[in-house]
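See below for the structure under consideration.
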Amino acid sequence: MTRVVVIGLGHGGIMASSILAGKVHELIAIERNPYHQLLYKTHLVASGLEESSNIIIPISDILYGESIKVINGIAYKIDLNNRHVYVNNDKIVGYDYLIIAIGSSVDYYNINGADKYTLKLDSVKDALEINHALSKLKKGSTITIVGGGSTGISLVGALIDAYGKYYNLRIVEALDSILPGWNKYIVNTAEKILNDNNVEIIKNKKVIDVNKNVLMLDDGKLLESNLTIWTAGIKAGVIDIVQDIKKGKQGRIIVDKYSRVIGYDDVFAIGDISLFNLNDGSISQQSAQFAIRQAYQVAKNIINHINYGYMNPIVYNPIGNILSLGRQCIGIINNLPINGILCNYIEDFITHNYINAIKSRGNSIATLAYENDPLSITTTFMNFITYMSNKIMYDALHSILSNVKCTKMVESNLSIK
């Protein structure tokens, strides 16, 4: 009997678990929440553009069956030599294979007052807290977002859509550009959109102190802020590992070409907690896209190793990036810039396909999106065309029915008069 234990059911953990479900003798998943969160959409909930119920999926909808057990709790310690995971202070779970997928947490960089006087955007719960705080602000209030990465910029874009010029919006970024590491087309387009909507962008300045309604920059300048949201950085999630293992920046666990923890052939780290060296010499991004693809291949490797005794190196070939800015998005796919309704359709398809993949537990055409062979890529493209065609027809029909309904209401009102 082979037991696989997965710690954490974020994007990486849920993808790995869904692929493993029913394909190994026993699967145990450990997660503190009874639901999976689409974390890349939390900015929409924070701004009020999306209901929180639309971006959470009950874990029971994905992981079920006699060979599967979900432990609702917190894994706080791992003994790699004895293959023990300690859960909820009193339970020991043994394993044959272990996947560590505990994600990341907010990095405040030891800045005084940052954790006390700012709100973070690290979960659906955080998004609801931000939304509640926004509802209490008066018109003309200033909202400062510390951190000009994808989370911060996406949140600003959503706030523009939700509130227009009702609030004064400000971004503070420590580097000399927003969206560091992103394609120049996306960076320039995003910055133009923010400028056109009167968002104040402060670059090349670090926040060194935070008080209730005031931030201090490294040049001594003071910024007044009615609400400050911290999106400036993340660090690896924390779990006590008895043995010493190799770690890199922000406490990320260094893994080999199979995403195994160095020195342990039965232990894998995936997602934000892992530091994976890519073929071009760079390290893996802490992103949902990488976590999902990495997790998919790790799960397949565990199945292959159990059944056939081999594994394949992890291959990551990103096809592009999409940045959500409220109801609009911009992106690069296969080096081609995209925006407008096509970008929105691609963004919707990515989410649609991901949900289908995990709900089908790897038994649908949706999982081909995470393969790297030409046939899978072609099939996924055709799947997208079908999805987009159906979506266009649905949107057109919905628009026609809405217009008919409005027309009938007007005629009814006229006849009453």
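When +1 charges are put on Lys and Arg Cβ atoms and -1 charges on Asp and Glu Cβ atoms, the dipole computed for the chain relative to its Cα centre reaches about 580 debye. Cβ-Cβ distance of D348 and V315, R₀ of 25 Å, FRET efficiency by 1/(1 + (r/R0)^6): the value works out to about 0.40.
Between the helical axis of 288-308 and the dominant principal axis of the chain, each derived from Cα atoms, what acute angle in degrees is found, rounded to the nearest 10? Once rounded, one gets 20 degrees.
Projecting the Cα positions of N188, N344, A46 onto the charge dipole of the chain (unit charges on Cβ atoms of Lys, Arg, Asp and Glu, taken about the Cα centre) puts A46 furthest along the positive direction. Taking the charge dipole of the stretch 69-139 about its Cα centre, with +1 at Lys and Arg Cβ atoms and -1 at Asp and Glu Cβ atoms, the residue from S105, L121, N89 reaching farthest to the positive side is L121. According to the calculation over all Cα-Cα pairs in the stretch 223-312, the P(r) per 5 Å bin from zero is 3, 12, 21, 22, 16, 11, 6, 4, 3, 2, 1, 0, 0 %. Using the alpha-carbon atoms, what tilt in degrees (0 to 90, nearest 10) does helix 340-359 show relative to the longest principal axis of the chain? For 340-359 against the chain, the angle is about 30 degrees. Only the Cβ atoms of Lys and Arg (+1) and of Asp and Glu (-1) were treated as charged; on that basis the dipole of the stretch 197-288 about its Cα centre amounts to roughly 160 debye.
The value of relative contact order for the chain, using C-alpha pairs under 8 Å at least six residues apart, is 17 percent. By definition, a body whose alpha carbon gyration tensor gives a ≥ b ≥ c is oblate when a/c is 1.5 or more and a/b is not larger than b/c, and the stretch 147-233 fits this oblate description. Among 270-276, 380-386, 34-40, sorting by the average number of other beta carbon atoms lying within 10 angstrom of each residue, highest first, gives 270-276, 34-40, 380-386. Taking Cα atoms, how many degrees apart are the long axis of helix 124-135 and the longest axis of the chain, rounded to 10 and kept between 0 and 90? So the helix axis and the longest Cα principal axis differ by about 20 degrees.
Cross-linked pairs K116/K257; K136/K249; K136/K359; K205/K235; K120/K192; K77/K184: Cα-Cα separations exceed 31 Å for K116/K257; K136/K249; K136/K359; K77/K184.
Ranked by the mean number of other Cβ atoms within 10 Å of their residues, highest first, the peptides 350-358, 219-227 fall in the order 350-358, 219-227. Between rounded, prolate and oblate, where does the stretch 25-120 land on the alpha carbon gyration tensor, with a ≥ b ≥ c its root eigenvalues, rounded for a/c under 1.5, else prolate if a/b exceeds b/c? The shape class here is oblate. If both residues of a DSSP beta bridge must be in the chain, then about 50% of such bridges are antiparallel. Selection among Y264, S225, Q243 by position relative to the dipole of the stretch 202-341 gives S225 as farthest towards the positive end (Cβ unit charges, Cα centre).
Could you give the size of the charge dipole of the stretch 1-137 about its Cα centre, using +1 on the Cβ of each K and R and -1 on the Cβ of each D and E, expressed in debye and rounded to the nearest 20? The partial results should precede the final answer.
On the way: 12 positive and 14 negative charges, 30 e Å.
I would put it at about 140 debye.
3J(HN,Hα) along the stretch 244-250, derived from phi through the Karplus expression 6.51 cos²θ - 1.76 cosθ + 1.60 where θ = phi - 60°, amounts to 7, 10, 6, 10, x, 4, 6 Hz, with x in place of Gly and Pro. FRET efficiency for the pair H398 and S177, taken as 1/(1 + (r/R0)^6) with r the Cβ-Cβ distance and R0 = 41 Å, rounds to 0.55.
Each reported figure results from applying straightforward, stated rules to the coordinates on display, with no laboratory input. What you see is a predicted model, and the numbers here were worked out from it, not measured in a lab. Note: ideal-geometry Cβ built from the backbone for every residue, glycine included; neighbour counts use all protein chains shown.
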